Each structure stands twice: as C-alpha cells, then as structure tokens.
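The values are calculated or read from the model by the stated rules, or taken from the named source; none is laboratory data. This structure is a prediction, so every number in the text was calculated from the model and none was measured. Cβ placement follows ideal geometry from the backbone for every residue including glycine, while neighbour counts extend to all protein chains displayed.
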Amino acid sequence: MSGVFDPVTYLQPLQQPFMLRGLLAVTLVGIVCALVGSFVVLRGLAFVGEALRHALFAGVVIAFLMGGSLVGGALIFALLVAWLLGVLGRQQGIGEDTAIGVLFSASFALGIVLLNVARTGARDLTTILLGNVLGVSTLDLAATGAVVVVTLVAVVVCFKELVVVAFDPALAQAQGRSLSVWDGLLFVLIALALTAAFQTVGNLLALALLLAPATTARLLTRRLVPMIGMAMLLAVLAGVIGLYISYWSNVPSGPAIVLLSGAGFGLALLFAPQHGVVWSFIQRRRLQHSRNHS
Amino acid sequence: MPNLFELQTYLEPLSLRLVQRGLLAAIVVAIICGVMGTFVVVRGLAFLGDALGHAVFPGVVIAYLLNLNLLAGGLVAGLITALAISLVGRTGQVRESTAIGIFYTVAFAFGALLLSRSRSAPRALSELLIGNVLAVRPEDLQLTLLIGGVVLLLVWAFYKELVLVSFDPQQAAALGRNVPVLNGLLFTLLALTIVASLQTVGNVLVVALLVIPAATARLLVGPLPAVMGLAALLGSLCTFAGVYISYYADIASGGAIVLCACGVFFCVLIVRSARQRLHLGVAG
Amino acid sequence: MSSVATSPKSAGPACAAGQPAVQLAHVTVAYGARVVLQDITLELPSARIIGLIGPNGAGKTTLLRSIVGAQRVLEGTVRVLGAAADAVRQRVAYVPQRRDVDWSFPLSVLDVVLMGRYGKLGLLRRPSKQDRELALDALKQVGLAKRQACQIGELSGGQQQRVFLARALVQDADLMLLDEPFNGIDTTTQSVIFDLLCEQRQRGRTVLLSTHDLHSVEQNCDQLVALNRRIIAFGPVDQVFTAPVLQSTFGSQVAVVGDGQTVVTRN
C-alpha cells in the first residue's frame, strides 16, 4: 500500500469496476437517506423507519421467493405495512408504539419463516441484513439512481408542505392539508430510501444511515436547508470513506459505513458549538464562575 | 403431514430430551416476556425493547470470540447501550427515539464487524438473530431458569414501585422514590429478559414476544396483574404451538412462535372491533 | 391594562353589520364513542372579539378545529363567513396552542411567519418577495422585526406567541381563531396581543379566542361563549360573566368571591 498522501492510494481502487459502482452507490444512497432522514429526525419518526425496514425485509424475501423484482416486492409490502400502521394506530387500547411493535415483528417473523421455507442458507439472511455494496450491479445502480431522482423531485415539489406538516400539523390542517396524505407521502419516501439503502448497507443498518447523518447535521446547524445539505455531505463522506476502509482492510462495508456515521454523531454530540455536551459544560462553568464572583 | 387428531402427534416430540429442554426454556421465556411485556406495552417501550434486543449483539459476539459466557456478554452490552441512550436523551439535544435508533444500529454494526473476522460468521450470526429452541443445552436451560426466577422475584418484590414509576413518575418522585434508579431497574429487567430469550426466539424477534402477547391481553382484560397473567399464558400457548410447528415443518422456532402470537392478536382484534361495531349499531 | 381599556366594548350586537362570522347549527363531535361537543348551536357576529371559556376538556380546541374545517363533525352544519368551511379557508387564520409545537425545529422566525402565506400558495410555488415583505411587516406589528433571523427556539414564550400571531396576521384573514394564546405568557405580551386584536376588530375582522384566564377576557372581550361540551351561555360579557353561569361552566372548579371577583382553581 502506498502512502496516505499519495493520490495513487485513492485512485488505484477505482480501477476495479466493482469499486467504482460501489462508490457511486454509496453516494446516491447517502444523498437519498440524508434527505429523507432529515424529515424523519425532525418529526421523530425513527420507530416508523424501524417498522418499514422490517416490512421491507419481508417484502424482499417474498419477492425473492416469487422471482419478482426485489425492489418492487419490498415497496409493495412496505406500503401495506404503512397503511396497516395507520389503521392499527387509530384503534383504541393499542397505542401507536405497540402497533408498530406488533407489525414490524410480525413482518420480520414472516420473512424469517419464508426464508426458511425457501431453504436458502444463513448467508442470504446475512446479505439482506448487512448488505454487500461490492455486489451492486449496473442495473441496481440504475434503480438506485431512479429512486434518488424521484425522491429529490418529490421533496423539492412538496418542500413547504412537508415542512408545515412537520413543524405545525394543526396549522397544516387549518390550511386544508390532509395529514394522512402528507404522512403517506413521507412514509413512501422513507420506504424508497430504505429500499435504495438495503443493497449497500443492508436492511438492518439502513436505519442508521437514515438517522445518524441527519441528527449530526441538526446538532451542527440551526437552519433547515443547510441541515439537509450537511446531512447529505456527512452521509456521502461516511459512505466513501467506509468503502475505502472496507477495501483496504477487508471488513464488511455496511458496518464500516454505519460505524463512521455513528462516530460522526458522537463527535457532534460532544463538541458541537452551542448544542454539544462539552460546550454546555463550559458555559455552565462560566455561569457558576461569574455568579461566584458577583 | 402429521395427523392432528392423534395423541401420538403431540407426544412423539416430547420423548426427545432436546425438545423437552427447548420447550421448557421457551415457556419460561414466554412467561417472563409476558410479565415484562406488560410494562413495555403500558409505557410504550417497544422501540427500546427492540433496540436492546439488537444491542446485546456485540456483547454476545465478543463473548463468543473470547470464549466467555454469551449471555453475560450480551447483558453487559445491553446495559451499556441502555445507559448511553438515557444519557443522550437527558442532554435534551436529541430525541430519545432517534438516539435509540442510532445507538442500536451502531452497536449492531460493531458486532457484525467483529464477527466478520471469524470464519463461522454467517451461521453463528443467523443463530443469534433468529434463535433455535432445539439447540438449548442443559446449562443454557439452567441459566434461563435462573434468570426467569430472578426477574419474577424482582418484579414481585418491587411491583408497586415499578407500577408507580410507569404510571406516574412525578407522583413517584413526590413520594420520595428514586425514579432514575427504578427506571434503571426496569431496563435491567428488560435486558435480562431479552438475554434469556436469545436462545429460543433470537434477538430480533424477542420484541415480538414482549409486545404481542401483552398487547393481546390488554385488549381482553383491564387490571394490570390480569394483563400480566394472561400475557404469560398466551405467550406460553403460542410457544407450545410454535415449537410443534417448528418441529414438524422444520422452520425457525422463533419465527413460528411469533407468527402464532400474531395470529392470535389479529383474531382478537378483529373479533373485538366486530363486536364494537355491533354494539354501536344496536345502540344507535 | 394600558390602551385596551378604551376599546369600544360597549358596542352591542345591534351594531353588528352584515352576515354572522360563524354559524353552527346542532353540531355534535365525537372521538370514537366519546362525545366531545354536543348539539352546539351558535351564531357569532362579525367585527367582535369573542372569548371562548370553559374548563380543560370542555371541547374548546375541538370547537375551533371544527370551525376551521380540521375536525369532522358527526352531525350538524358549520358555516363560516357565510360559506362552508372548506370554501373559505383562505379567509380564516388559525393559531394553534404553542405547546403543541417543537420549538427546536431548525426554522427562523421569518420562516415561521411565512408559513401563514403557504395556504395561498399552490404546489411548487415558493413564497415571493412580496410574501416576504408582508411577513416582515407582520413581524414589525408584533415588535419582533429585529429578531427575524433568530431560530425560533431562542425566543421567549411570549415572543413565540407573538410570532404565531404575526403568522396569523400575514394571512390577512377575516376570521382569526386563537387557541389558548395567553398560556404561560406575561401580562405585557398579553396587552400587546389584545391591542393588535382590537386593531383587527376596527378593520371589521372577527376574533375568537379560547382561554381559561377569566380575568383577561372580562376586560378585553366584547362577547363570551361559555362552553362545557354544550353551550352554557353566550352573549355580552356582563351577561355571561356571572356567578351562576361560571359555576355551571366550571363546576366545582370555580369559586366566586364577593362582587364579580372570580377565582378559578384547576383540578
């Protein structure tokens, strides 16, 4: 291996076509996850993401068994679960939290049992859960690209609606917007982002890519658009660096990418200006200090 | 296909030591899951339960690689994650649900990375993820019984404190109870339950055994002790059925148990809402 | 309380010109099997400041949400400004309760006020320069123009409420509905808000605000609606603000001491 400052170190892996495709994939996935993830974080929908991720798992297995398109199967099942979520959450005596818990564990169990019935090995389960970015085909890449375009267009077109519904649902309703329509759109976007991510970081770790970059960005800035931009940058950075690390040291790429995003979040939590733990601590000390003197 | 109406169908599996052990362990797990699951459902802790289920993973992997006790490793990892989540939640900068989502996925990624260094990775991973009732060894059964006993004993001893802190933390504080310590106790009990369940239902499905029987019981009865009892009973029945299905159809026991519990939940839900509609129709 | 005392609250319903601002006929609202509002029949005149009083759980928020068309009614009809609620959305401004909002949301003060214009903008359309000027103007009216670039969480509770008011003002609406605008804010802010509301009234606009601060409504409103699932009383302040009405509205929660001095004890 050549030196850290030698450009060859970074260019040489690019000669491998699978590495080039992988880099493109993590970039696209980072963009779409950070974009949708920003709204997930702002609305506190982490658990909904968790539920949709499990639903996608069942959908992928079903599609795999029926020989259909994995992405299509995943999406159809995720939409079904999103709809059930709405119906169940409204039932008295259940509560949204429990409804989500029941639905996602049910769909995951279904996926596991079907995978069993199909007699595919443990390796398939591991691939679905942890992803394999270096196995991304050109076709997968095209599908991911399409997801990115659709999501970007949807967010740009509906930006102000998504923001109003997130910030002040009561006002949104008073302005005549149906919350179920806009929540539905967001759920579809989450499902799309998770679908795009499952090939690269895997179904289980996709949630991390949805949450960690957006949360980190939120700690670092107080404006919405810069927050989204920074989340995208962080997600793409984690993806690219994680992929290189995975290439050089032969560790699985999905966990490497997720650990990097997690490390970024940890750093921001500690050292972010104004919001960070260290910053708050210093300010508190200063306040105590000045109070002791006066 | 076994004959459903013949006694032999039900007795045959029981003659195997393997099945006896597995069934006993699974039923102990179902009972403590029913009791702890009631707290999970009442307090809306489904996501935390799910996260702890995943977060025990790196601990189990480290214990596996170092040849230590797997369950002890899992317990330590689960408790560290729970502590980290509550600390981050307390800074007030990040929503608790977001913190849960980030911490457990990162913990899981860490575990997966460690495990990837080991040759037996995929098989060991899937065993932990989805469990296998028939792989319960005698010493595992002993440990499960021990954990089960400890959890039930602690719930019995601290029952009124746990209920108070779940229902009205402010009142608990006003009565001079240490709320963080009681919450810590609840989370520790939850982590213990999850660790005990690893072997039978696996760590991604344990949340199902926590949430589904308790949610079903809550639809049927009102008082908290009744919900706990019914949840434990329903969980045990589904476990029984699930183990038999898993034995005859040769599918993952965890998945079969959870799908049974789900079936019961949706039946109860449908019957209940049909009856409600009937009532409303009669009243209107 | 400053200039508010000079407001023409003596103006009776006789002066009310034109159609009523809100007409409710036999409106019933239920969540599942629980009836929240029962058989509400009410006609609110225009160009008035009307207070909506009642204990917690009386259905105040539900009533406001029904008027704004955000709550489906089980029975009865709702007419707003002489039309169905859906048809006149643009002419109604709604200020939800402050505590329902996540104030750490990464938006600036101006962004929040601009949301008031969103109702008039279609899909894809962005707020124009003119919208921004209107928003800034509304912020000036509530005295917060200097804080326009702040993140909303940096403001005090009273300032946040004024931002919400500015957001309602920028809608240029004929009917303003405010849900508990005085919750947890100081008396100075309260009088600033009432001054602005009086100005709206002079321009012929109608204001309906819910509160459980009985003292402020007695001083500043023209008319009162006493609500506890049903309409207990409706009319000019001096007719509604009486011991029997308050007692049957608030039940044991209210104690009437001496001459019109009212003490409300919650719970």
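Please enumerate the residues belonging to segment C:120-148 that are assigned to a helix (DSSP H, G or I) and either within 26 Å of residue C:87 (Cα to Cα) or of a type in the set (Gly, Ala, Ser) (or both). Within segment C:120-148, C:130, C:131, C:132, C:134, C:135, C:138, C:145 meet the criteria.
Being under 24 Å from residue A:159 (Cα atoms) and either surrounded by fewer than 24 Cβ atoms within 10 Å (Cβ to Cβ) or not hydrophobic (A, V, I, L, M, F, W, C) (or both): is that true of residue A:27 here? Spelling it out, residue A:27 is indeed under 24 Å from residue A:159 (Cα atoms) and either surrounded by fewer than 24 Cβ atoms within 10 Å (Cβ to Cβ) or not hydrophobic (A, V, I, L, M, F, W, C) (or both). Where helices (runs of 4 or more DSSP H) fall entirely within segment A:1-107, those with at least 1 residues that are within 30 Å of residue B:213 (Cβ to Cβ) are at A:17-43, A:46-66, A:70-90. Within segment A:170-180, restricting attention to residues that are surrounded by fewer than 20 Cβ atoms within 10 Å (Cβ to Cβ) and more than 8 Å from chain C (Cβ to nearest Cβ), the residue that is nearest to residue C:99 (Cα to Cα) is A:179. A count restricted to segment A:203-233 and to residues that are touching a Pro at 6+ places or on another chain (Cβ under 7 Å), more than 13 Å from chain B (Cβ to nearest Cβ) and assigned to a helix (DSSP H, G or I) stands at 2. Out of the residues in segment C:1-37 that are of a type in the set (S, T, N, Q) and modelled with pLDDT of 90 or more, state the one that is surrounded by the most Cβ atoms within 10 Å (Cβ to Cβ). Applying the filter and picking the extreme gives C:23. Checking each residue in segment B:212-229 for being closer than 23 Å to residue B:24 by Cβ and either of a type in the set (A, V, I, L, M) or within 8 Å of another protein chain (Cβ to nearest Cβ) (or both) picks out B:212, B:214, B:217, B:228. Scanning segment A:161-202 for residues that are among the basic types (Lys, Arg) and either over 30 Å from residue C:167 (Cα atoms) or in a helix (DSSP H, G or I) (or both) yields a total of 0. For segment B:250-269, filtering for residues that are under 18 Å from residue B:198 (Cα atoms), in a helix (DSSP H, G or I), facing chain A (nearest Cβ under 7 Å) and not small (Gly, Ala, Ser) leaves 2. Among the residues making up segment C:202-220, a single one is buried (at least 23 other Cβ atoms within 10 Å of the Cβ), under 9 Å from residue C:48 (Cα atoms) and not aliphatic (A, V, I, L, M): C:206. Checking each residue in segment B:57-70 for being more than 14 Å from chain A (Cβ to nearest Cβ) and in contact with a Leu (Cβ under 9 Å, 6 or more places away or on another chain) picks out B:59, B:60, B:62, B:63, B:64, B:65, B:69, B:70. Report whether or not residue B:237 is farther than 30 Å from residue C:33 by Cβ, away from every other protein chain (no Cβ under 13 Å), out of contact with any helix residue (DSSP H, G or I) (no Cβ under 7 Å at 6 or more places or on another chain) and surrounded by fewer than 24 Cβ atoms within 10 Å (Cβ to Cβ). It is true that residue B:237 is farther than 30 Å from residue C:33 by Cβ, away from every other protein chain (no Cβ under 13 Å), out of contact with any helix residue (DSSP H, G or I) (no Cβ under 7 Å at 6 or more places or on another chain) and surrounded by fewer than 24 Cβ atoms within 10 Å (Cβ to Cβ). Pairs meeting the criteria (first residue in segment A:185-212 and without any contact (Cβ under 8 Å) to a residue 12 or more places away in the chain, second residue part of a helix (DSSP H, G or I) and small (Gly, Ala, Ser), beta carbons under 9 Å, at least 6 apart or on different chains) are lacking.
This table checks each residue for (1) within 12 Å of another protein chain (Cβ to nearest Cβ); (2) farther than 23 Å from residue A:179 by Cα; (3) modelled with pLDDT of 85 or more.
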{"site": "C:57", "(1), (2), (3)": "no, yes, no"}
{"site": "C:76", "(1), (2), (3)": "no, yes, yes"}
{"site": "C:96", "(1), (2), (3)": "yes, no, yes"}
{"site": "C:100", "(1), (2), (3)": "yes, no, no"}
{"site": "C:132", "(1), (2), (3)": "no, yes, yes"}
{"site": "C:140", "(1), (2), (3)": "no, yes, yes"}
{"site": "C:143", "(1), (2), (3)": "no, yes, yes"}
{"site": "C:147", "(1), (2), (3)": "no, yes, yes"}
{"site": "C:161", "(1), (2), (3)": "no, yes, yes"}
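Residues checked against (1) away from chain A (no Cβ under 14 Å); (2) at pLDDT 85 or above:
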{"position": "B:4", "(1), (2)": "yes, no"}
{"position": "B:26", "(1), (2)": "yes, yes"}
{"position": "B:36", "(1), (2)": "no, yes"}
{"position": "B:44", "(1), (2)": "no, no"}
{"position": "B:78", "(1), (2)": "yes, yes"}
{"position": "B:84", "(1), (2)": "no, yes"}
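Within the set B:18, B:11, the sole residue that is in a helix (DSSP H, G or I) and in contact with a Leu (Cβ under 6 Å, 6 or more places away or on another chain) turns out to be B:18. Within segment A:248-284, the set of residues being under 19 Å from residue A:126 (Cα atoms) and surrounded by fewer than 22 Cβ atoms within 10 Å (Cβ to Cβ) comprises A:250, A:251.
To keep it simple, each residue is scored yes or no on (1) on the phi < 0 side of the Ramachandran plot; (2) away from every other protein chain (no Cβ under 12 Å); (3) β-branched (Val, Ile, Thr).
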{"site": "A:151", "(1), (2), (3)": "yes, yes, yes"}
{"site": "A:168", "(1), (2), (3)": "yes, no, no"}
{"site": "A:198", "(1), (2), (3)": "yes, yes, no"}
{"site": "A:201", "(1), (2), (3)": "yes, no, yes"}
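Residue B:144 falls short on exactly one of the conditions (1) on the phi > 0 side of the Ramachandran plot; (2) away from every other protein chain (no Cβ under 14 Å), and that condition is (1).
Of the residues that make up segment C:172-183, is at least one modelled with pLDDT of 90 or more and either more than 29 Å from residue C:57 (Cα to Cα) or among the polar types (S, T, N, Q) (or both)? The answer is no, given that none of the residues of segment C:172-183 is modelled with pLDDT of 90 or more and either more than 29 Å from residue C:57 (Cα to Cα) or among the polar types (S, T, N, Q) (or both). Among the residues making up segment A:41-97, none is buried (at least 24 other Cβ atoms within 10 Å of the Cβ), facing another protein chain (nearest Cβ under 10 Å) and modelled with pLDDT under 80. The selection criterion, being surrounded by fewer than 16 Cβ atoms within 10 Å (Cβ to Cβ), of a type in the set (D, E, K, R) and in contact (Cβ under 8 Å) with a residue 60 or more places away in the chain, does not hold for residue C:72.
Given the condition within 26 Å of residue C:67 (Cβ to Cβ) and among the acidic types (Asp, Glu), answer yes or no: does some residue in segment A:166-173 qualify? Yes, because at least one residue in segment A:166-173 is within 26 Å of residue C:67 (Cβ to Cβ) and among the acidic types (Asp, Glu). Restricting attention to segment C:78-94, the residues that are of a type in the set (Val, Ile, Thr) and within 8 Å of chain A (Cβ to nearest Cβ) total 1. Picking from residues in segment A:136-149 that are modelled with pLDDT under 85 and under 24 Å from residue A:232 (Cβ atoms), the one that is nearest to the other protein chains (Cβ to nearest Cβ) is A:136.
The set of residues in segment C:92-114 that are assigned to a helix (DSSP H, G or I) and buried (at least 16 other Cβ atoms within 10 Å of the Cβ) comprises C:98, C:109, C:110, C:111, C:112, C:113, C:114. Among the helices (runs of 4 or more DSSP H) confined to segment B:151-249, the ones with at least 2 residues that are within 20 Å of residue B:52 (Cβ to Cβ) are located at B:159-167, B:179-201, B:206-220, B:224-249. Cβ-Cβ under 6 Å, sequence separation 6+ or interchain: first residue in segment A:99-119 and at the interface with another protein chain (Cβ under 7 Å from one of its Cβ atoms) and over 24 Å from residue A:86 (Cα atoms), partner surrounded by 24 or more Cβ atoms within 10 Å (Cβ to Cβ) and β-branched (Val, Ile, Thr). Which pairs? What qualifies is A:112/B:130.
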